[in-house]
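*Asks:* Please read through the structure below; I'll follow up with questions.
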Amino acid sequence: MIYMLDTANLEAIKKAYDLYPLSGVTTNPTIISKENNGFISILKDIRSIIGEDSMLHAQVLGKTADEMVKEAVYLKEKVEGSLYIKIPVTPEGIKAIKILKKEGIKITATAIFTAQQALMASIAGADFVAPYVNRIDNISGNGVEVVKIITNQINIYNLDTKVLAASFKNVQQVHEVSKIGAHSVTVNPEIMDKMLEHPLTDWSIDQFIKDWESIYGEGKLITDIK
Ligand code: E4P
């Protein structure tokens with residue numbers, strides 16, 4: 001499983017990168033807008049936190065393939081390191097993916113709601129395909145099932161693409177796509193923290209410390225004991 005963080009908030013990225021085994025940060029225009037700062041400067045700030053080798057996914061705004069390709073090339077010039085250009089799976093987007101693939105630019109096909117969108121993006125050359133689990137659930141679809149079909153398609157056709165399951169609103173959705181073998185997930189900082197929460201874990205740790213301190217003293221660690 002490849003874990004990525006779905007945010008452009010620098011403090012959240014610093015905290016999560018310090019704690020968790022993360023391989024990348026994903027953004028979209030909505031996520032970037034929340035930070036209310038220059039687009040390129042936000043991406044550069046994220047890069048300085050996560051390092052050159054960590055994946056950074058940034059989305060284009062153009063509606064035509066020509067506009068998307070120009071934006072992608074511009075982003076590639078401005079932002080160093082492992083960069084993935086997010087391209088929506090419209091017909092013009094698929095055209096842009098084909099062109100960018102030939103230019104050697106890495107692509108994440110995004111705004112995916114159906115398995116056929118993902119399959120066509122994979123065959124066009126997308127490195128990642130990002131189905132929107134919660135948004136599919138919200139239109140009475142089954143986001144996890146769509147991720148499952150896409151993952152199977154990639155295996156059946158022996159494609160190089162990885163599934164990047166996205167748009168989660170709870171830990172259970174992340175768990176369900178993990179169970180069916182999604183290659184990667186992008187999760188917002190709140191859900192990332194919740195993935196480790198369990199009251200019995202906290203209770204157990206409290207109990208261990210209470211028992212330890214009853215013999216070795218309050219606040220004592222192993223290194224304090226002779
Ligand atoms: C991925 O990068 C998507 O843009 C993102 O996960 C969408 O999430 P949302 O449906 O919570 O906005």
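*Asks:* Between a first residue in the range 65-76 that is more than 14 Å from Phe39 (Cβ to Cβ) and a second residue that is among the acidic types (Asp, Glu) and part of a helix (DSSP H, G or I), which pairs have beta carbons less than 8 Å apart while being 6 or more apart in sequence or on different chains?
*Replies:* Ala65/Glu92; Met68/Glu92
*Asks:* Mind checking which residues of the range 209-226 are exposed (fewer than 10 other Cβ atoms within 10 Å of the Cβ) and of a type in the set (A, V, I, L, M, F, W, C)?
*Replies:* Across the range 209-226, the qualifying residues are Ile215, Leu221, Ile222.
*Asks:* Given the range 1-57, what helices (runs of 4 or more DSSP H) lie entirely inside it while holding 3 or more residues that are of a type outside the set (Asp, Glu), within 15 Å of the ligand (Cβ to nearest atom) and open to solvent by 60 Å² or more (accessible area, probe 1.4 Å)?
*Replies:* Of the helices (runs of 4 or more DSSP H) lying wholly inside the range 1-57, those with at least 3 residues that are of a type outside the set (Asp, Glu), within 15 Å of the ligand (Cβ to nearest atom) and open to solvent by 60 Å² or more (accessible area, probe 1.4 Å) span 29-35.
*Asks:* Now for a separate question. Please go through the range 7-50 and pick out each residue that is under 18 Å from Ala72 (Cβ atoms) and of a type in the set (D, E, K, R).
*Replies:* Across the range 7-50, the qualifying residues are Lys44, Arg47.
*Asks:* How many residues does the range 60-77 contain that are more than 17 Å from Val25 (Cα to Cα), open to solvent by 30 Å² or more (accessible area, probe 1.4 Å) and of a type outside the set (Phe, Trp, Tyr)?
*Replies:* Number satisfying all stated conditions: 9.
The values are calculated or read from the model by the stated rules, or taken from the named source; none is laboratory data. Bear in mind the structure is a predicted one, so any value in this text is a computation, not a measurement. Every residue, glycine among them, receives a Cβ derived from its backbone with ideal geometry; neighbour counts consider all protein chains shown. With ligands, DNA and RNA removed, areas are computed over all heavy atoms of the protein, side chains included. Shrake-Rupley method; radii C 1.70, N 1.55, O 1.52, S 1.80 Å.
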